[in-house]
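Read the figures in this text as sums done on the coordinates, not as results from a lab. Because the structure is a prediction, the values reported are computed rather than measured. Here the Cβ positions follow ideal geometry from the backbone for every residue, glycine too, while neighbour counts run over all protein chains shown.
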Amino acid sequence: MENPFLNAQEQLEKVAKYLDISADFLEVLKVPQKVLEVNIPVKMDNGKIRVFKGFRSQHNNALGPYKGGIRFHPGVTKEEVMALSIWMTWKCGVAGIPFGGGKGGVIVDPKELSEGELERLSRGYVRAIAPVIGARVDVPAPDVGTNGKIMEWMVEEYKKIYNNDKNYKIYKDNEILATFTGKPVELGGSLGREQATGRGGVYVLQALLDKLNPKSKYRTPKQYQNSNDKNSKQDFEFPASNFVLPQPVRIAVQGIGNVGYWFAKIAQEAGFEIVAISDSKGAIMGKIEDVKAVKEYKEKTGSVVGFPGTKPITSHELLTTDCDVLVPAALENVITAENADKIKAKIIVEMANGPTTPEADEILNKKGVIIVPDVLANSGGVTVSAFEWEQNMKGEKWDERRVNERLEKTITEAFEKVWKIKEEKNVDLRQSAYILAVDKVAKAMLK
């Protein structure tokens, strides 16, 4: 099994030669500054106590407080959480937001717990990590297996810890709220946060397509159809390449959790064609006319498999299906040396964290596949989390239009910087994103 922590370190090593940093300094960046391991006793519904293992990794805070989600998943490992905290540092650096990288996780399948058990676990985890988090220290958020409701429980528990004891009241109420992002809107959450990661990914894809067509600005299919030359069948040409990307652009999305769903839905609304979607139980392919209907079908039946008008395939088959853009939006290490050569997509937009191994990267780059790396592609979530934190700290409430406009501006500016480095140094997008982020962190640390 691939070790995500070693992958994260290898990715960093690959760009070190482009940066003015010493070998000793590189060693510092390759490991988290702190990793907390906790055991969380939880009283189950049957009256017995079960102990769950959890982690909180804090990689680097040179640019600001640690920032990163909390993952509830049976596959959580210490190494995974450490890797995710490293990627979060680079993600914040690429996005240009004032945070460093953190990540948390608990080894548990939340689907196997009752709501009461899940609440007690969530509150227990907060009690365990409370000494190392705070609005100006480390700001957690939802991730795989967690959501706004879980953040609500965590905020309530955190408030108990620091507000009930009058001798230990170190945070103001707005800072209590700002300690967690991804909260329900009525509890200080930001409008637009739920859709932010997926929306940001679509913005990045559109920015990429603009760059790849230097003769005329890329228009999504819906815009194309509404233009005066709507009957034109002109293909979308990649410069210095032997392939074309036809209209409409066909997208396959692996994973229909929060990130995959909103990416697919927003992309479809923009005119892209969704041709395959998967969940943990299987996948479907075909011309999917309504992504929202697929989600509703999954909620009703337990899986996307069987959705009317589609053909069932496996999640592994989805990765190699015939499409223009592949969007891995589930877990890490799904694109490997074993399947990379079979991938037919011309573009991969990494909406999951670490979905592509370094070995697969090399294979895909040789094939001419353009990979939009996770630290850029899925940075919309942490960007709007930063907006939520800012609103809480200032006691403000922004409307959704302001949030989305700031998100688009932030993420497209980040893309422009990454693209400029790619052109100047003749490297792939992952390397250019890392060069941008690592350089920022190194300069902040060496001030």
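Figures for the structure shown
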{"read-out": "Rounded to 10°, Cα long-axis angle of helix 148-163 versus longest principal axis of the chain", "value": "30 degrees"}
{"read-out": "Selection from 180, 291, 33 lying farthest towards where the dipole of the chain points positive, charges on Cβ", "value": "180"}
{"read-out": "Cβ-based exposure ranking for 262, 90, in which fewest neighbours within 10 Å come first", "value": "262, 90"}
{"read-out": "Segments 47-53, 380-386, 114-120 sorted - mean Cβ within 10 Å per residue, highest first", "value": "380-386, 114-120, 47-53"}
{"read-out": "FRET E, pair residue 18, residue 46, Förster distance 41 Å, beta-carbon r, rounded to 0.05", "value": "0.15"}
{"read-out": "Degrees between helix 193-212 axis and first principal axis of the chain (Cα, 0 to 90, nearest 10)", "value": "30 degrees"}
{"read-out": "Gained length - residue 287 relative to residue 362, 0.36 nm times residue gap less alpha-carbon distance", "value": "23.9 nm"}
{"read-out": "Theoretical ellipticity at 222 nm over the chain - DSSP helices of four or more residues, -39500 (n - 2.57) apiece, nearest 500", "value": "-14000 deg cm²/dmol"}
{"read-out": "q = 0.08, 0.18, 0.19 Å⁻¹: log10 I(q)/I(0) that the Debye formula gives for the stretch 32-189, counting C-alpha atoms only", "value": "-0.21, -1.08, -1.19"}
{"read-out": "Semi-axis lengths (Å, descending) of the ellipsoid that matches the C-alpha gyration tensor of the chain", "value": "35, 26, 21"}
{"read-out": "Listed peptides 350-360, 102-112 by packing density, highest first (mean Cβ within 10 Å)", "value": "350-360, 102-112"}
